[in-house]
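Before any comments, here is the structure.
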Amino acid sequence: MNNSFGNAGRLIIAGLRALLVLTVVTGVIYPLAVTGVAQALFNDKANGSEIKSNGKVVGSELIGQTYNLPKKDPNDAEEAAVADLKFFQPRPSNGLGSNSVNTQYSLILSGATNRSGDNGAVDGECPTDPKKMVDPSLCKWVVDAKDAVVKDNSVDGYKVKPSDVPADAITSSASGLDPDISPEYADIQVHRVAKLNGLDVKQVQKLVDENTDGRILGFMGEPTVNVLKLNIALRELTQR
């Protein structure tokens, strides 16, 4: 009996020692070491890739933002947001849409629209033969989205055609939080932004070119434009 209690006691003590050692190693030493290395070698990325303007953090390089006009009634949750067309607009970010998980709270959910960029549309119009479309309602949604982009970005002396509208102008990314747009989408916004801000088109196009990032290592991925960085540069230009 005494031997049994003695063995059990030794096992408990050994277990507590192992628990203590593992807690210190994995719960204290390892996190501190990883944090220290990250802060020393990758300080910007470790802290969320923050972007500052006028000394203040205005967002992250990794998360997209919307650029909308202020609501007439800030307390009206039903009031639709209206894009501030003086600024470059990002990819659609409606994602999953309304919160279907918990309707008691207004939560921000991320997700894709799961819609294709064309879905059988020909020259900006849906075919009359339903057999030529994957989903007639989807085709109409895509065409309407393209029409909105065409309308918003067509100004005097510059007309956007449906065929000019890239896929990222009407579909969200997989997360719905993509901070970048394609140079093609930025380019078709240049004339609108220039007109509404009283700037020369060449000035605004230069901003786009300066804020376009090329392919990784010259061959991986596609060129992108970070919308937040671009709009910060635009604001600095208009405030001179």
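Bear in mind these aren't lab numbers, they're just calculated from the coordinates by the rules spelled out. What you are looking at is a predicted structure, and each value in this text was computed from that prediction instead of being measured. As a convention, Cβ positions derive from the backbone with ideal geometry for all residues, glycine included, and neighbour counts pool all protein chains shown.
Amide H to amide H, which residues 5 or more places from residue 155 or on other chains are under 5 Å from it, using H placed in the peptide plane?
Long-range HN contacts for residue 155: 160.
Among the lysines, select those whose C-alpha is under 24 Å from the C-alpha of residue 140, and discard any that sit fewer than 8 residues away in the same chain.
131, 132, 151, 159, 161
Report the extension gain between residue 80 and residue 37 in nm, rounded to one decimal, defined as 0.36 nm multiplied by the number of residues separating them, less their alpha carbon distance. Can you show the working numbers first?
On the way: separation 43, 0.36 × 43 = 15.48 nm, distance 4.50 nm.
Fully extending the segment from residue 80 to residue 37 adds 11.0 nm.
For residue 239 and residue 216, compute 0.36 nm times the residue count separating them, minus their Cα-Cα distance, and round to one decimal in nm.
Working: separation 23, 0.36 × 23 = 8.28 nm, distance 3.28 nm.
Contour length minus Cα-Cα distance gives 5.0 nm.
Could you tell me which trypsin sites (Lys or Arg not before Pro) in segment 1-91 are loop residues by DSSP with no more than 14 other beta carbons within 10 angstrom of their beta carbon?
71, 72
Hey, got a sec? Which chymotrypsin sites (Phe, Trp or Tyr not before Pro) in segment 1-96 land in a DSSP loop and have at most 12 other Cβ atoms within 10 Å?
Numbers: sites: 5, 42, 67, 87, 88; in loops: 42, 67, 87, 88.
Passing both the DSSP loop test and the Cβ count: 42.
DSSP loop chymotrypsin sites (Phe, Trp or Tyr not before Pro) in segment 132-240 with at most 10 other Cβ atoms within 10 Å of their Cβ, which ones?
Working: sites: 141, 158, 185, 219; in loops: 219.
In loop regions of segment 132-240 (DSSP not H, G, I, E or B), the sparsely surrounded chymotrypsin sites (Phe, Trp or Tyr not before Pro) are 219.
What order, most packed first, do the peptides 30-36, 221-227 have when packing is the mean number of other Cβ atoms within 10 Å of each residue? Provide the component values of the computation, followed by the final result.
Values: 30-36: 10.4, 221-227: 18.1.
The densest-packed peptide leads the list: 221-227, 30-36.
Express in whole angstrom the spacing between the alpha-carbon centres of segment 51-80 and segment 210-240.
What the calculation gives is 19 Å, centre to centre.
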